[in-house]
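Q: Just dropping this structure here.
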Amino acid sequence: MMFVPDAATLATFTLACVVLVLTPGPDMTLFVSRALSQGRAAGMASMLGALAGNVVHTLLVAFGLSALLAASAEAFFVLKVAGALYLLWLAVQSVRKGSAFSVQAAPRTRSVPLRRAFLTGVTVNLLNPKIILFFLTFLPQFVATNDPDAAGKMIFLGLYMVAVSLPFCVAMVMMADGLSTSLRRAPRVLRAVDWLFAGVIGGFALKILMTARS
């Protein structure tokens with residue numbers, strides 16, 4: 001299976017995935033707020049929609065960047081360096097501005113059809129420019145510039161990321177009430193997550209940049 005990265009790369013990617021899924025952001029805010037206001041089923045549907053959006057991002061990035069790699073290995077290398085700089089910027093912003101978790105206590109509202117909740121999750125995910133940029137810059141970091149199986153590896157990594165995220169996201173929906181209350185009442189926990197995100201993603205970006213220089 002040439003599309004499966006080596007063990008060291010997969011271990012690093014897994015760590016990054018776990019940190020990412022635990023870092024509050026727009027997707028988490030969406031499905032936790034849906035679970036609180038419309039029930040767990042709506043929360044699950046929104047969460048699955050967001051993960052489906054991640055699959056779409058994966059396919060677009062994999063096929064688009066594989067075409068770029070085939071056209072110019074140098075351009076792909078430049079994209080990797082630019083992506084590392086963007087990840088480093090995200091790490092700095094995480095420490096400066098904190099997590100984007102803004103769920104507030106709200107009364108239970110009338111449930112929407114699960115299909116609509118799912119499509120909302122897909123739409124919010126696909127139209128979020130930060131998520132688009134993140135996938136465009138994150139996945140290529142785990143693929144060598146001269147790798148003939150780049151597209152396959154990026155698709156595998158994107159789907160693997162969804163698989164790693166799924167149990168965490170399901171747990172967040174199931175425990176939405178306690179999770180939102182705890183996060184609102186414990187800002188130090190959010191700050192700890194921010195620093196963890198900054199440390200892992202920033203350290204990874206610096207490693208990429210140092211490798212590029214050598």
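Q: Take the residues in the stretch 153-177 that are more than 15 Å from the chain's Cα centre (by Cα) and open to solvent by less than 30 Å² (accessible area, probe 1.4 Å), then tell me which one is nearest to Phe204 (Cα to Cα).
A: Met172
Q: I'm trying to understand the selection: among the residues of the stretch 36-48, which are surrounded by 24 or more Cβ atoms within 10 Å (Cβ to Cβ), out of contact with any Leu (no Cβ under 6 Å at 6 or more places or on another chain) and under 15 Å from Ser165 (Cβ atoms)?
A: Hits for the stretch 36-48 are Gly43, Met47.
Q: Which condition number does Arg96 fail, the rest of (1) free of Cβ contacts under 8 Å to residues at least 12 places away in the same chain; (2) open to solvent by less than 40 Å² (accessible area, probe 1.4 Å) being met?
A: Every condition holds for Arg96 apart from (2).
Q: What residue, among those in the stretch 171-192 that are modelled with pLDDT of 70 or more and of a type outside the set (D, E, K, R), is nearest to Val19 (Cα to Cα)?
A: Step one: of the stretch 171-192, the residues modelled with pLDDT of 70 or more are 171-178, 188, 191-192.
From what is left, the residues that are of a type outside the set (D, E, K, R) are 171-176, 178, 192.
Values: Ala171: 15, Met172: 14, Val173: 18, Met174: 20, Met175: 19, Ala176: 19, Gly178: 20, Ala192: 11 Å.
For the stretch 171-192, the residue satisfying everything is Ala192.
Q: Assuming Gly83 fulfils every condition listed in (1) open to solvent by less than 10 Å² (accessible area, probe 1.4 Å); (2) under 14 Å from the mean Cα position of the chain (by Cα) apart from one, which condition is it?
A: Tallying (1) open to solvent by less than 10 Å² (accessible area, probe 1.4 Å); (2) under 14 Å from the mean Cα position of the chain (by Cα), Gly83 fails exactly one: (2).
Q: Assess whether Leu51 counts as being modelled with pLDDT of 80 or more and open to solvent by less than 40 Å² (accessible area, probe 1.4 Å).
A: In short, yes.
Q: When you go through Val56, Val61 one by one, which is the residue that is open to solvent by 40 Å² or more (accessible area, probe 1.4 Å) and under 18 Å from the mean Cα position of the chain (by Cα)?
A: Numbers: Val61 fails: open to solvent by 40 Å² or more (accessible area, probe 1.4 Å).
None of the other options fit; the residue is Val56.
Q: Then there's this: Among residues belonging to the stretch 111-149 that are hydroxyl-bearing (Ser, Thr, Tyr) and within 28 Å of Ala11 (Cβ to Cβ), point out the one that is modelled with the lowest pLDDT.
A: Of everything passing the filter in the stretch 111-149, Thr145 is modelled with the lowest pLDDT.
Q: Residues that are at pLDDT below 85, open to solvent by less than 30 Å² (accessible area, probe 1.4 Å) and in a helix (DSSP H, G or I): does the stretch 71-79 have at least one?
A: Yes; the residues of the stretch 71-79 include at least one that is at pLDDT below 85, open to solvent by less than 30 Å² (accessible area, probe 1.4 Å) and in a helix (DSSP H, G or I).
Q: May I pose another question? Taking Phe168 as meeting all but one of (1) part of a helix (DSSP H, G or I); (2) modelled with pLDDT under 80; (3) touching a helix residue (DSSP H, G or I) at 6+ places or on another chain (Cβ under 6 Å), write down the number of the exception.
A: Among (1) part of a helix (DSSP H, G or I); (2) modelled with pLDDT under 80; (3) touching a helix residue (DSSP H, G or I) at 6+ places or on another chain (Cβ under 6 Å), the lone unmet condition for Phe168 is (2).
Q: What pairs can you find where one residue is in the stretch 6-30 and more than 16 Å from Ala205 (Cβ to Cβ) and open to solvent by 20 Å² or more (accessible area, probe 1.4 Å), the other is of a type in the set (Ser, Thr, Tyr) and outside any helix (DSSP H, G or I), and their Cβ atoms are less than 8 Å apart, with a gap of 6+ or different chains?
A: Between residues of the stretch 6-30 that are more than 16 Å from Ala205 (Cβ to Cβ) and open to solvent by 20 Å² or more (accessible area, probe 1.4 Å) and residues that are of a type in the set (Ser, Thr, Tyr) and outside any helix (DSSP H, G or I), the close pairs are Thr29/Ser102.
The values are calculated or read from the model by the stated rules, or taken from the named source; none is laboratory data. Keep in mind the model is a prediction, meaning the values are calculated, not measured. When we count neighbours, we look across all protein chains shown, and the Cβ atoms used for this are built from the backbone with ideal geometry, even at glycine. These accessible areas exclude ligands, DNA and RNA; they are computed on the full protein's heavy atoms, side chains included. Shrake-Rupley method; radii C 1.70, N 1.55, O 1.52, S 1.80 Å.
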